[in-house]
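First comes the structure, then the notes that go with it.
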Amino acid sequence: MALFHVARYPGPEAAGAEAGADGRARALLERLQCRARERQRQKQPRQQEAAQPAGPAGKRRRRPRRPRRREGGGAPESKRRRADGEDAGAGSSEEAPEESGVGAEAAEQPGAPDGRPPEEASGPPAHALLLGGFRRSRAPKVQPFLPAWLAEPSCVEKNVTKDLVPIEDVPEVHPDLQKKLRAHGISSYFPVQAAVIPALLESMANGFLVGRGGYQPSDLCVSAPTGSGKTLAFVIPLVQALLHRAVCQVRALVVLPTKELAQQVSKVFNVYTDATPLRVALVTGQKTLAKEQETLVQRTVDGFRCLADIVVATPGRLVDHIDQTPGFSLQQLRFLVIDEADRMIDSMHQSWLPRVMAAAFPREGTKSLFSLLQRRQPQAITAASTCCPQMPLQKLLFSATLTQNPEKLQQLGLHQPRLFSTGLAQRGSRDADAEADGESAGKYTFPAGLTHHYVPCSLRSKPLVVLHLVLEMNFSRVLCFTNSRENSHRLFLLAQAFGGVSVAEFSSRYGPGQRKMILKQFEQGKIQLLISTDAMARGIDVQGVQLVVNYDAPQYLRTYVHRVGRTARAGKTGQAFTLLLKVQERRFLRMLAEGGVPELERHDTPSKLLQPLVPRYEAALSQLERAVKEERKQKAA
Ligand SMILES: Nc1ncnc2c1ncn2[C@@H]1O[C@H](COP(=O)(O)OP(=O)(O)OP(=O)(O)O)[C@@H](O)[C@H]1O
């Protein structure tokens, strides 16, 4: 007779609720058999009683029916089921037969027709203490936790107006670069620069050819608010590292998601490499492939000569050059900067990173001129493998909304990474997943000078509200975001027809050259209202944007962070207005509250304020209708 019954783990197929139909049927059969036995037991004493002669009074005594005993003091069934998940491991009372009537039960237990012992045939014996109970009880939730480098980042102050560090307080920076910084009106470092620049310079203390002490330096991840100066945080140390290079080779590669952003970053590199032998090449597809090739390599009598030390690229065009530009080599690459890293991780399906990594290592059997420090494919680290110095490849990730999802970051193959962050560490990858899916997972940090507003409005009055805001506030540079290029175009046509404001649109309707011109005009203040898709939401640094309007509410918190981050940059002030329909209000406000938006002010636009604009607006609407019809006709022709 078994004293206890072990409900063994039935294997992965049967473990979850998805256990096969077979498993479910068996469990159900067991339960039915248990109940049948129980009923049998209850009947038996009654039958015995009936067989016995009546009591002295000649009356049959009725035994009160005992209620079924329940675990935990007889909680109702539904409640007990819910509690199953919490006290995992305890067998459910439905599976564990009642303890009473042990002897009778054991005696009655019929053997299985196939000759198996009774316990096996019909589940646990009634008396047995049930261990396990995998089928019924839910497994306890495994709490995800972050690796130490993500959970304990190096904290960076977020206030760029308060926590400035004078240039002379970071003596590691080359005097020529310090001079250049001053010449460009920079007398202090922003907090992120004061933290990241020394850390990067320290990792190249032995020069850029070998890591400190021969070891590969840590990869760096930087998460800091929009407009907090992340660009200079990598430009200054990279330029300094390469200042004394002897041979021109591609040593630094900066990858960014859009052409405009790449152009902006290459401009900053040009400023700080000016009057140095370093050369910067921009490969984004704005020029033809052949034209770009001319800036990367030059054919010589004995092969190719590299013409760029620093390459700033968009991923697609970069891969084109890896494939199609003879002599373009990344084998001497020392720094790989991934700006807007969370966005770049989203574009990993294009497999640009594996292509870059493959190009950074020599092919099997090839011997480079610089064979002494020739990079080898990463293998298991052993005493022998670490004793030959090789040029490290250090990855540097930057974003205002850097994901903290270890699974996503894992795709980048980071080496002993180190995180610099202004935000709070998030709790786990589940949260980070939620963030990626659009739900907020933790706190993002926003520029201190940014005020957030929302404007409740109806679908019909939305364009009128935008026009009212622009005209009422009379700012010289207003950036208005929509969720699609169609919306941008229609709003642009409407605002143009309305008049009184110089307006332009920025979207994929225009080619790179036109977009560049539009940006320039906006920067110069020739365009007062720029209506844009999210093409301009990330990284674009236009001086003096005072107002950002979310004509269409962004779906994700990340998008909101980047859109509103086009204002209140570099310690300045700015305002963000989001137009919300009644149905959007609850979800949007909750998303922002959870995402760490400091304070959201409601801005009502009473109809008496809008009324004076209505006649002009209606005229503009009918003009828009005609314009749209005309465009459709032209498209069809
Ligand atoms: N130390 C500094 N002092 C004054 N201005 C600075 C300093 N560092 C950067 N800036 C200016 O701050 C602005 C924003 O910098 P940058 O574009 O690097 O921000 P960012 O953190 O990359 O923003 P985003 O996340 O939106 O890309 C730029 O105009 C830049 O010239």
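The values are calculated or read from the model by the stated rules, or taken from the named source; none is laboratory data. On a predicted model such as this, the values are computed, not experimentally measured, just so you know. Neighbour counts are summed over all protein chains in view; Cβ atoms, including those assigned to glycine, are modelled from backbone coordinates with ideal geometry. Keep in mind that these areas ignore ligands, DNA and RNA; they rest on the heavy atoms of the full protein, side chains included. Shrake-Rupley method; radii C 1.70, N 1.55, O 1.52, S 1.80 Å.
Lys and Arg at +1, Asp and Glu at -1: add these up for the other residues within a Cβ distance under 11 Å of residue 340 and post the number. List each step's numbers first, then the result.
Working: positive: 230, 343, 538, 558; negative: 339, 342, 346.
Value of the local net charge: +1.
Output the peptides 526-536, 162-172 sorted from most to least packed, where packing is the average of other Cβ atoms within 10 Å over each peptide's residues. Write down the numbers at each step before the final one.
Values: 526-536: 22.4, 162-172: 13.6.
Listed from highest to lowest mean packing, they are 526-536, 162-172.
Based on the mean of other beta carbon atoms within 10 Å per residue, what is the order of 581-588, 600-607, 395-402, most packed first? Spell out each step's value before the answer.
Numbers: 581-588: 13.4, 600-607: 11.9, 395-402: 24.8.
Per-residue mean Cβ counts within 10 Å order the peptides as 395-402, 581-588, 600-607.
Nearest 20 debye, what's the magnitude of the dipole of segment 485-637 about its Cα centre given +1 on Lys and Arg Cβ and -1 on Asp and Glu Cβ?
Details: 25 positive and 15 negative charges, 75 e Å.
Dipole of segment 485-637, to the nearest 20 debye: 360 debye.
Quick check: net charge around residue 289, other residues with Cβ under 14 Å of its Cβ, Lys/Arg +1 and Asp/Glu -1? Spell out each step's value before the answer.
Working: positive: 287, 291, 317; negative: 292, 294, 320, 323.
Its environment carries a net charge of -1.
If ligands, DNA and RNA are left out, what is the accessible area of residue 572 with a 1.4 Å probe, given in Å² to the nearest 10?
Roll a 1.4 Å probe over it and residue 572 shows about 110 Å².
First measure r as the distance between the Cβ atoms of residue 289 and residue 460, then evaluate 1/(1 + (r/R0)^6) with R0 = 60 Å and state the FRET efficiency to the nearest 0.05. Can you show the working numbers first?
On the way: r = 48 Å, r/R0 = 0.80.
Efficiency, from the Cβ-Cβ distance: 0.80.
Taking 0.36 nm per intervening residue step and subtracting the Cα-Cα distance, what contour gain separates residue 301 from residue 151 on full extension?
Numbers: separation 150, 0.36 × 150 = 54.00 nm, distance 5.41 nm.
Extra length available between residue 301 and residue 151 comes to 48.6 nm.
Leaving ligands, DNA and RNA out of it, rank 351, 507, 461 by accessible area with a 1.4 Å probe, largest first. Mind dumping the intermediate values first?
Working: 351 50, 507 0, 461 25 Å².
The residues order as 351, 461, 507, largest area first.
How far apart, in nanometres, would the label points at residue 355 and residue 516 be if each is projected 7 angstrom from Cα along the Cα-to-Cβ direction?
Using points 7 Å along Cα→Cβ, the separation is 2.2 nm.
Residue 337's amide H: which non-local residues (gap 5+, or another chain) put their own amide H closer than 5 Å, with H modeled 1.01 Å from N in plane and none for Pro or chain starts?
The answer is 253, 254, 255, 396.
Once both labels are modelled 7 Å past Cα along the beta-carbon direction, what's the residue 501-residue 348 spacing in nm?
4.1
Taking all protein chains together and a probe of 1.4 Å, list 244, 415, 453 from the most accessible to the least accessible. It would help to have the intermediate numbers written out before the result.
On the way: 244 150, 415 45, 453 15 Å².
I get 244, 415, 453, largest accessible area first.
Based on the Cβ-Cβ distance of residue 614 and residue 248, what FRET efficiency does E = 1/(1 + (r/R0)^6) give at R0 = 41 Å, to the nearest 0.05? Let's see the in-between values first.
On the way: r = 64 Å, r/R0 = 1.55.
Once the sixth-power term is evaluated, E becomes 0.05.
Given R₀ = 35 Å, FRET efficiency for residue 587-residue 476 by Cβ-Cβ distance, to 0.05? Show your work: numbers first, answer last.
Numbers: r = 33 Å, r/R0 = 0.96.
For residue 587 and residue 476, the calculated efficiency is 0.55.
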